[in-house]
1. According to the Cα gyration tensor, what semi-axes, each the square root of 5 times an eigenvalue, does the equivalent ellipsoid of the chain have, listed from largest to smallest in whole Å?
2. Could you give me the ³J(HN,Hα) list for the range 27-33, computed from phi with Karplus coefficients 6.51, -1.76, 1.60 and θ = phi - 60°, whole Hz, x at Gly and Pro?
3. Could you work out how much longer the chain between Ala30 and Glu15 gets when fully extended? Use 0.36 nm per residue separation minus the Cα distance between them, nm to one decimal.
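What follows is calculated from the coordinates using simple rules that are stated; it is not laboratory data. The shown structure was predicted, so the numbers you read here are calculated from the model rather than taken from an experiment.
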Amino acid sequence: MDNLSGVSVFVQTAETLSFVEAGRVLGISASAVGKSIARL
């Protein structure tokens, strides 16, 4: 995932206040959400 995608994941997580819900919205796992944010 590139930095722009990572920022999108971060924004979705901030909006939903949940890694699980952000992952559900984005179609990725909660683990992938966490890893994407960690790479930022």
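1. 14, 10, 8
2. x, 10, 6, 4, 4, 5, 4
3. Answer, rounded to one decimal: 3.9 nm.
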